[in-house]
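Below is one structure; the comments refer to it alone.
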């Protein structure tokens, strides 16, 4: 059936997820938050969208303590969903992860403390996973060697450009205490990506969704799947709530990016159309669709919902 889109289809679609904070043995985070169940609900909701995605990108804090069994549980929850979606999975280190277990249990790699930076090619869209962690600390940074490596990678443009995926956002937080745990070396990082083919930065860490720009590049921070920080709480406080979880769908077009936040849960339906309306509109000649659906004087009647 003919597409209803009046503009071009995206060249790629990415599911941007973040901060599962899984614990071994199915433990609750802080004895309260059902982090494993929240992650299951997240990937289930992604599947229910019916969207074709090229990759799931997890921007860090995959586990809360870097436990080997937590990484095994992560794979057990996520990989079957990725198989059903026929998409790649891109993991990114976060400050709650540990490089050795991360390398061993997600990549069958060595027990190492080396930065876990990797490059992925999604049919011409380059995704670079950057390890912004600082061993022994919760703030982030990219060292000189990483920045040289990144500059070398970006020296050759990709067909559809590049997305950077990292845990620590290169932008400030409205939750002021989180700025103590922000990204160092931002000026040097900006020098590397300015004028390159980097089209966007995907990040996590804040536990709430926000957007900004850095070095002229859009930055999108995904909500956490585990729990959220209340960005509307008094400014000098830090308040975690078991709600407002979600993920983003990132549509990449030739000339733009579209980030759509998908909150978890199913609130009451108060209005809308089902797919029968979309099918009926798709059956109309292309030149009649907008008149039928957009005109305030349209006499077109959609199928009953």
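Laboratory data are not the source of any read-out in this text; all were calculated from the coordinates shown. Keep in mind that this is a model prediction, so the values were computed, not measured. Cβ: placed from backbone, ideal geometry, glycine included. Neighbour counts: every protein chain shown.
Shown for 176, 61: other C-beta atoms within 10 Å of each C-beta, ranked fewest to most, produce the order 176, 61. In plain terms, the residue of 21, 16 with the fewest other Cβ atoms within 10 Å comes first and the most crowded comes last, giving 21, 16.
Given bins 10 angstrom wide, list per bin the percent of all Cα-Cα distances in the stretch 25-174, short to long. P(r) over the stretch 25-174, rounded to whole percents: 10, 36, 38, 15, 1. Rg then Dmax, both in Å and based on the Cα atoms of the stretch 204-275: 15.0, 46. Between residue 177 and residue 72, the simple spin-label model (points 7 angstrom out along Cα→Cβ) gives 3.4 nm. Structural descriptor for the stretch 12-263: relative contact order 20 percent, calculated from alpha carbon pairs under 8 angstrom and at least 6 residues apart. Averaged over residues, the count of other Cβ atoms within 10 Å places the peptides 7-13, 40-46 in the sequence 40-46, 7-13, highest first.
Annotation: the residues 90, 252, sorted from fewest to most other C-beta atoms within 10 Å of their own C-beta, follow the order 252, 90.
So, by mean Cβ neighbours within 10 angstrom, what's the order for 26-34, 290-298, 208-216 with the highest one leading?
On the way: 26-34: 14.3, 290-298: 10.9, 208-216: 16.3.
With the highest mean Cβ count within 10 Å placed first, the list reads 208-216, 26-34, 290-298.
Say R0 is 25 Å: what FRET efficiency, to the nearest 0.05, do residue 9 and residue 44 get from their beta-carbon distance? The pair residue 9/residue 44 has a calculated efficiency of 0.50.
If the segment from residue 144 to residue 235 were pulled out straight at 0.36 nm per residue, it would be longer than the present Cα-Cα gap by 29.4 nm. Using C-alpha pairs under 8 Å with a sequence gap of at least 6, the mean separation divided by the residue count of the stretch 80-136 gives a relative contact order of 31 percent. A Förster radius of 45 Å, combined with the Cβ-Cβ distance separating residue 298 from residue 123, puts the computed FRET efficiency at roughly 0.70.
At 10 °C and 1.306 mPa s, grab the translational diffusion coefficient of the stretch 12-263 from Stokes-Einstein with a Kirkwood Rh over Cα pairs, rounded to a whole number in µm² per second. Please report the intermediate quantities before stating the final value.
Details: Rh = 18.0 Å.
Estimated via Stokes-Einstein, D reaches 88 µm²/s.
Per-residue ellipticity at 222 nm, computed for the chain from helices alone with -39500 (n - 2.57) per DSSP H run of at least four residues, works out to -8000 deg cm²/dmol. Using the average count of surrounding beta-carbon atoms within 10 Å as a protection proxy, the listed peptides 70-76, 253-259, 182-188 rank, highest first, as 70-76, 182-188, 253-259.
Full extension of the chain between residue 155 and residue 111 gives 12.8 nm of extra length, using 0.36 nm per residue less the Cα-Cα distance.
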